[in-house]
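Okay, so here's the structure we're looking at.
The values are calculated or read from the model by the stated rules, or taken from the named source; none is laboratory data. Here the structure is a predicted model, which means the values were calculated and not measured. Methodologically, a virtual Cβ is constructed for each residue, glycine included, from the backbone with ideal geometry; neighbour enumeration extends over all protein chains shown.
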Amino acid sequence: MKKKSKVHSKGRMLLTGMLSLALLAGGGTASFAETAANAAEAGSQTTIRQGSLQTIVAVGDSITAGYEPGMTEGSAVYGYVDRIKEQALFHNRTEVTNYGILGLTSTGLLNYLKAIQEGSAVTADTIQPGISDPRISVFASGIPGTKTKLAQADTILITIGGNDVSQLIEQSKSLSAEQLETTANELLTVYKTNIQEILSVLTVINPDAQIILADQYQPVPKIAGESQYVMLSEVAAGFTQAVDEAVAALAQEGKSVKAAHVAERFVGKELSYTHIFNEDVHPNQSGYETIAKVMAESIWGYYRITEAQKGKTELSVVVSGAELQTPYKPIVKNGQTFIVLRDITDAIGGTSKWDSKSSTATVSYNGSEVVIPIGAKTVTANGISLETASPAFLQKAGTEQKTYVPLALLVKGLGLDVQYSSKMKTVFINL
């Protein structure tokens, strides 16, 4: 949730968060600045679906964007949407586009989606008058492409309501109990109407997408005041009821819409899961992970963690959802990940041949072929020569000599998708 007077007006909250998965070990998350053009460019192009590519689009407020207090233009972002991309990579090749707008209210999101439904660029004030997200003009002008992205999405994720609640938190300091109750009821009425229309518009834009709508947690801890905590908890419960009712109505019509119950996970853990910084309240990393877990459970039924993420190994390799189990651990050299050749060919269902005279391995998979000479700084993928920072090498393991090959170069040469998450210390390979 965001109070404009504290941070928005200073222009410090910039651009959406979307995980930039690198091909080599050492890759990291993208900064706010680096992801500005990404959302605009993604929205302006038609997705080319390759095989079983799954597409996910997130819309909403600064929680969707992954904002944390104190972030600047160059800050790396790692929010719930970034974690959802990681979870999606356990299942398939994945494309994620993040349209999180800082300071957006439920009314603003409804305006934005109605404009998207129309498919024409609009002014920033058409979305939400006075909103101070510095990228708002990009979102407004990019609406035609955004409509394409939403229409093609397999899954649409929504977080909205924090900026609705923040208005009530601010007013709670000056209103009487009776006035506050009236204001809260009015707020809930507007939110309920907006949520119903938001879901209706999305199901028109994309009748086939799975839509996941999160309810709105309340971030104020009990130590801030018992009466305020009780009041805000009741408001949060009202938000959850509004979400459940809107979802149930569309589910009865056969729409694939689900509620993600985030609010209940934050109860009693408000201090653990949120930043409270100069009245700028947003999830911290534990909070974003909690939201991601609820969202992932709504989509796939579970949230996965790799051995490397648990600290049990330096690097994990996941091939088509299965974490590679091998006594021969991956090795990182000059920023490249190397893996035992037999391990990766077995995992992807490929074949390999070894030429002892030339010390060359030839790997074949699904009509593609990669030739890897030991010690050479080039490999050949389908007849095309590719340079590598470090060559393949032999390393003794017990009584055996194992052939270690550059993982990303080999997998890409075979036409597979390889992504790296620095936060999870995990390489994802999808066929």
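For the stretch 364-376, what are the residues that are over 35 Å from the mean Cα position of the chain (by Cα) and loosely packed, with under 11 Cβ neighbours inside 10 Å? Passing the criteria: only Gly375. Screening the candidates Leu102, Leu19 for the property of being within 30 Å of Glu270 (Cβ to Cβ), modelled with pLDDT under 60, part of a loop (DSSP other than H, G, I, E, B) and of a type in the set (A, V, I, L, M, F, W, C) yields one hit, Leu19. Being of a type in the set (A, V, I, L, M, F, W, C), in contact (Cβ under 8 Å) with a residue 40 or more places away in the chain, touching a strand residue (DSSP E or B) at 6+ places or on another chain (Cβ under 8 Å) and under 28 Å from Leu89 (Cβ atoms) is a property that Val411 has. For the stretch 223-243, the criterion of being touching a Leu at 6+ places or on another chain (Cβ under 6 Å) and either buried (at least 16 other Cβ atoms within 10 Å of the Cβ) or over 30 Å from Lys425 (Cβ atoms) (or both) is met by at least one residue.
Of everything listed in (1) surrounded by fewer than 19 Cβ atoms within 10 Å (Cβ to Cβ); (2) touching a Phe, Trp or Tyr at 6+ places or on another chain (Cβ under 9 Å); (3) acidic (Asp, Glu), the single unmet condition for Asp164 is (1). Could you grab me the full set of residues in the stretch 173-197 that are assigned to a helix (DSSP H, G or I) and either of a type in the set (D, E, K, R) or under 21 Å from the mean Cα position of the chain (by Cα) (or both)? Residues satisfying the conditions are Glu178, Glu181, Glu186, Lys192, Glu197.
The sole residue among Glu234, Glu270, Glu178, Glu186 that is in the same structural domain as Leu104 (by TED's automatic domain parsing) and closer than 20 Å to Lys293 by Cβ is Glu270.
If we only count helices (runs of 4 or more DSSP H) wholly inside the stretch 113-160, which ones have 1 or more residues that are surrounded by fewer than 21 Cβ atoms within 10 Å (Cβ to Cβ) and in contact (Cβ under 8 Å) with a residue 60 or more places away in the chain? Even if it seems obvious, please write down each step before you answer.
Details: elements: 124-127, 136-141, 143-152.
Of the helices (runs of 4 or more DSSP H) lying wholly inside the stretch 113-160, those with at least 1 residues that are surrounded by fewer than 21 Cβ atoms within 10 Å (Cβ to Cβ) and in contact (Cβ under 8 Å) with a residue 60 or more places away in the chain span 136-141, 143-152.
Is it the case, given these coordinates, that Val96 is under 28 Å from Val257 (Cα atoms), assigned to a strand (DSSP E or B), of a type in the set (Val, Ile, Thr) and in contact (Cβ under 8 Å) with a residue 24 or more places away in the chain?
Values: under 28 Å from Val257 (Cα atoms): yes; assigned to a strand (DSSP E or B): yes; of a type in the set (Val, Ile, Thr): yes; in contact (Cβ under 8 Å) with a residue 24 or more places away in the chain: yes.
Answer is yes for this residue.
Quick one: is Ser200 touching a residue at least 12 places away in the same chain (Cβ under 8 Å), assigned to a helix (DSSP H, G or I) and loosely packed, with under 14 Cβ neighbours inside 10 Å? For Ser200, the condition - touching a residue at least 12 places away in the same chain (Cβ under 8 Å), assigned to a helix (DSSP H, G or I) and loosely packed, with under 14 Cβ neighbours inside 10 Å - is not met. Of all the criteria given as (1) touching a residue at least 24 places away in the same chain (Cβ under 8 Å); (2) farther than 20 Å from Thr64 by Cα; (3) buried (at least 16 other Cβ atoms within 10 Å of the Cβ), the one not satisfied by Glu307 is (1).
Does Lys147 count as within 14 Å of Val235 (Cα to Cα) and basic (Lys, Arg)? When the stated conditions are applied, Lys147 does not pass them. Which residues, taken from the stretch 207-222, are crowded, with 19+ Cβ neighbours inside 10 Å and in a loop (DSSP other than H, G, I, E, B)? If the condition is that a residue be crowded, with 19+ Cβ neighbours inside 10 Å and in a loop (DSSP other than H, G, I, E, B), then Ala209, Asp215, Gln216, Tyr217, Gln218, Pro219, Val220 are the ones that fit. Confirm whether Ala209 is modelled with pLDDT of 95 or more and of a type in the set (A, V, I, L, M). It is true that Ala209 is modelled with pLDDT of 95 or more and of a type in the set (A, V, I, L, M).
Restricting the search to strands (runs of 3 or more DSSP E) fully inside the stretch 323-431 and requiring at least 3 residues that are out of contact with any Pro (no Cβ under 7 Å at 6 or more places or on another chain) gives 331-333, 351-355, 360-365, 368-373, 378-381, 384-387, 393-397, 400-406, 417-421, 426-430.
Can you name every residue in the stretch 284-308 that is under 18 Å from Gly162 (Cα atoms) and not hydrophobic (A, V, I, L, M, F, W, C)? Once the filter is applied, which keeps residues that are under 18 Å from Gly162 (Cα atoms) and not hydrophobic (A, V, I, L, M, F, W, C), the stretch 284-308 yields Asn284, Gln285, Ser286, Gly287, Tyr288, Glu289, Thr290. Only one entry of Ala392, Ala361 meets the criterion of being farther than 30 Å from Gln309 by Cβ, modelled with pLDDT of 95 or more and surrounded by 22 or more Cβ atoms within 10 Å (Cβ to Cβ), and that entry is Ala361.
If I ask for residues that are at pLDDT 95 or above and touching a strand residue (DSSP E or B) at 6+ places or on another chain (Cβ under 9 Å), which ones from the stretch 67-82 would you list? The answer is Gly79, Tyr80, Val81, Asp82.
Could you list, in sequence order, all residues of the stretch 374-426 that are of a type in the set (Asp, Glu) and over 26 Å from Arg83 (Cα atoms)?
Within the stretch 374-426, the subset of a type in the set (Asp, Glu) is 387, 400, 417.
Listed by number, the residues that qualify are Glu387, Glu400.
With respect to the conditions (1) acidic (Asp, Glu); (2) modelled with pLDDT of 90 or more; (3) within 23 Å of the chain's Cα centre (by Cα), Glu253 lacks only one, and its number is (3).
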